[in-house]
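A short write-up of the structure that comes next.
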Amino acid sequence: MKILKIFEKTEILLVDLEVNLGKEKRSAPTLCVKYNDKIIPLNTAHDGRPILMNEENALPDFKKSP
């Protein structure tokens, strides 16, 4: 393995993330990263599988939401 880049100005967060699964809502502690004022999940809330850090998966920062 080889480190290609270290991302600066990031925070690792553990959030209680709620997801809709059909008509059911579930929540679970989810590992996320805060990067460029976006919160990006690093694993899925419904089954905990790891996912790649992808800004397309970003969630709005709940502190900045109306």
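In the range 42-58, the qualifying residues are those that are in contact with a Leu (Cβ under 8 Å, 6 or more places away or on another chain) and surrounded by 11 or more Cβ atoms within 10 Å (Cβ to Cβ), and the one that is modelled with the highest pLDDT is LEU42. Within the range 16-26, the set of residues being open to solvent by 40 Å² or more (accessible area, probe 1.4 Å) and either closer than 16 Å to ASN54 by Cβ or assigned to a strand (DSSP E or B) (or both) comprises ASP16, GLU18, ASN20, LEU21, GLU24, LYS25, ARG26. From the set of residues in the range 27-41 that are touching a helix residue (DSSP H, G or I) at 6+ places or on another chain (Cβ under 9 Å) and open to solvent by 70 Å² or more (accessible area, probe 1.4 Å), which is nearest to ILE51 (Cα to Cα)? Top of the filtered list is LYS38.
The values are calculated or read from the model by the stated rules, or taken from the named source; none is laboratory data. Quantities reported herein were computed from a predicted structural model and do not represent experimental measurements. With ideal geometry, Cβ positions are generated from the backbone for all residues, glycine too; neighbour counts draw on all protein chains shown. When the accessible area is computed, the model is the full protein with side chains, heavy atoms only, and any ligands, DNA or RNA have been set aside. Shrake-Rupley method; radii C 1.70, N 1.55, O 1.52, S 1.80 Å.
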